[in-house]
Amino acid sequence: MSRAITFSRARPLAARAEPSLIQRLKRDWVLLALMAPGLAFLVIFVYLPNLGNVIAFQAYLPFLGFSSPFVGFENFRQLFAAPAFWSAVSNTVVISAMQLILYFPVPVILALMLSGLVNNNVRRIIQSIVYLPHFISWVIIVALFQQIFGGAGLVDHFARAIGLPAPSITNSPEWFKWLMTVQVIWKEAGWGTIIYLAALLAIDADLYEAAAVDGATALRRLWHITLPGILGVTVLLLILRLGNILSAGFEQILLQRNAVGPQAGEILDTYVYFQGISAGQYAMAAAAGLIKAVVGLALILGANKLAHRLGQPGLIS
Amino acid sequence: MSSRTARPPWMERPSPAYTTARVFVFGMILIAVLYPFVSVLSTSLASQQDVDEGGGMVLVPLHPSIEAYTSIFQGGVVSRAIMVSIGITLIGTLLSLAVTTGLAYGLSRPVLWRKQLLMLALLSLLFQPGIIPSYLVVKQLGLLNSYASLILPVMLNGFNLVVMRQFFMEIPHELIDSARIDGAGELRILLQLVLPLSGAILAVIALLYAVFYWNAFFQALLYLQDSSMWPLQLVLRQYVIQGSPLPGVTAYAAPGGSPPPTQSIQMAVVVVATIPILVVYPFLQKYFSKGVLTGAIKG
C-alpha cells in the first residue's frame, strides 16, 4: 500500500514553473473523465451512506428524511435497553469466535499439506476441487446443507437406520452455531489456502536444501523455515478477521435465521435488517449498525497496532 | 521441468504411514466437497419411487427422469428469474468492468489530485456503508424496485480496484512515455496500449464480477418489493430454503407417468442456478493457476 509514487511523465531538466490548475485540468481531463463514474460511485454509495448514519442520532421520520429532528443518544439508550439487541451481540460474538478458532487454522494446515504434494497434477486437481465452494452462492450452499443435514438428508437417514432419533440439524437451535461454523469451513477453507500457498512459494527453496544438508528433519524445517515464512501473512489475515468479529456472515445467517428463530439465530447484521427494514425502526437499526462499524474500525486499528508491537508489518504501515 | 514430480534430491521420501494418512485425509476432503453436488444432482433426476425407496435420500436415481426440469421450465417463474439473472449479470459485469478499469487506470497515472483521490478510494475499503443508510440513499434516489438498484449500489469492488491498479502500475513506464512522445493521448494509450496488455486481469476481474452478480440475492431482497422481478437466487431462497410453493409451477407429468416429487423440482432449481458457475469455473481456475491474483494479493 505504501508503494512509492513514481512520476513517469518526462520533464524538462530546466526548472519550470509548476503548471497552473487550468493547465493541469486541460492536460488531465481525459483521465479525470475516465475516473469520474468510479469516483461518483464512491461518493454516492459509500461516503453518502456513511454520512447518512446521522439518522442514528435523529428521530427519523420518512417524509423528513435526513433532516429529521436530532435526539442525541436516545436511539442508543433504547437500543441498550433492548434484550434482543444484547442477544444478537452475544450470538454474533460466539459465532464469530467459533468461526475464528475452528476455521482459521484449517487453510494453514490444508496449504501445508497441499504444498507437500510433489506431484503437480495431483495437487492441481485437488486445488481445483477445494477452491470450487468459494464461488457457490450462499443460497445454494444452504440448500446443499439442507439436503444433507435436513429432515430428509443423509444424517437423519443414517440416524433413523440405526434406531436413533433424527437430529434434524438444520432446524435445531442447539446445532445452529456449529452448523454456521461448518458451513464457513466447507465454503472458504479451500479458497483460504491460496494466500498461504503464495507465501509458501515465496520462501527461498535454498533455505530448505541448506537445512536438509545440515541434517534438519522435515519437522524442524517446518518449524524453523516454513512457519516463520508464513507468519506475516497469518498475522495480516488474523487482523482482518478480528476487525470483522462483529460480522458473523450476514448472508449466510440471514438465510437460516428463520429456521431456528431469533433467539439462537439473530446476529447484529440480521438484527439491523429486521429492526430497520422489516419493523421500520430505521433510527434504532442505524444506531446498531453504527456501533458495529465503529467497534469494527477500532478493532482493526487496534489489532494493526498490536501487530506492529510484535514486529509484524500488519495491514496499514 | 520434469514431467510430473519434482521432488528435490535432498528431500526424504515420506513414510508409508504418512502417505496413507495423507491419501485418507485428502480423500475425505474431496468426498466432503463433492458429495453435496452429487446428492443434489441425483435428487433432481429422481422419480417419486426413488425418493420413497431412499427415505428422502437419493444417491443413485434408479428411475431417472428429467420431468423435474420440464416442470420448472413450464411455469414461467423460474424461466423469468433466469432471464433476470442473466440480464443483471451481463449488464452489471460490463458496467463494473468499465468503471473499475477507468478508476484503476486513472489512479495508476500521475493525474491531478492523485494522492487525495487514491485516499478517497482506499478509505472506502475501511468505511463500508451500513444496511440502513444504504437503503435510505437508494430510496431517496428513487431506485427502489428497479433493476438499477441491483447494480449501481454494488458496482465497484474495492478489492478488484486495488488488484487492477496494481496490475496497471506494473506496466513499464517507458512504454507509456514513448507513446506519449509519439503524440498519443491518454484515451488512445489506454485503449490501444494498456488494455491489450491487460487481457488476463480484465478477464479475471470480469469473471469475479460475473460470479458476484449471479450469486447476489441480498440487494434484490432489500430493494425489490415486486416478486415478479426477482432474480434466480431469490426465487431459490423462497422455493427451496423456505419451502414456499412457486406460483405457476405445477408438477408436470408425462403421459402415463407420475408427477416428479417436490424434492426433485427443488433440486432441479439448485442445479440450474449452479451450472453457470461450473461453466465459468475452469476459466477462473486457469487464471488462478497462472498466479494473476496471487501476485496482486501479496502486493
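Quick rundown of the values:
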{"read-out": "Output for segment A:22-31, where each listed residue is modelled with pLDDT of 85 or more and farther than 19 Å from B:L118 by Cβ", "value": "A:I22, A:Q23"}
{"read-out": "Residues within segment A:227-261 that are away from every other protein chain (no Cβ under 12 Å), in a helix (DSSP H, G or I) and over 30 Å from A:A111 (Cα atoms), tallied", "value": "1"}
{"read-out": "Any hit, segment B:232-245, residues being within 11 Å of another protein chain (Cβ to nearest Cβ), under 28 Å from A:W191 (Cβ atoms), charged (D, E, K, R) and without any contact (Cβ under 8 Å) to a residue 24 or more places away in the chain", "value": "yes"}
{"read-out": "Enumeration of residues in segment B:135-160 that are within 10 Å of chain A (Cβ to nearest Cβ), touching a residue at least 24 places away in the same chain (Cβ under 8 Å), assigned to a helix (DSSP H, G or I) and of a type outside the set (F, W, Y)", "value": "B:V138, B:P153, B:V154, B:G158"}
{"read-out": "Unmet requirement for A:A264, which otherwise passes all of (1) within 13 Å of chain B (Cβ to nearest Cβ); (2) in a helix (DSSP H, G or I); (3) in contact with a helix residue (DSSP H, G or I) (Cβ under 9 Å, 6 or more places away or on another chain)", "value": "(1)"}
{"read-out": "Hey, A:V155 part of a helix (DSSP H, G or I), at pLDDT below 90 and either under 21 Å from B:L41 (Cα atoms) or within 8 Å of another protein chain (Cβ to nearest Cβ) (or both) or not", "value": "yes"}
{"read-out": "Members of segment A:229-263 that are among the polar types (S, T, N, Q), more than 24 Å from B:P129 (Cβ to Cβ) and either in contact (Cβ under 8 Å) with a residue 60 or more places away in the chain or buried (at least 19 other Cβ atoms within 10 Å of the Cβ) (or both)", "value": "A:T234, A:Q256, A:Q263"}
{"read-out": "Per-region count, segment A:276-288, residues closer than 12 Å to A:F76 by Cβ and not aliphatic (A, V, I, L, M)", "value": "0"}
{"read-out": "Out of A:Q263, A:Q252, A:Q256, sole residue that is of a type in the set (S, T, N, Q) and over 24 Å from A:H134 (Cα atoms)", "value": "A:Q263"}
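The values are calculated or read from the model by the stated rules, or taken from the named source; none is laboratory data. Remember, predicted model here, so these are calculated numbers, not experimental data. Reconstructed Cβ throughout: ideal geometry from the backbone, glycine too, with neighbour counts over all protein chains shown.
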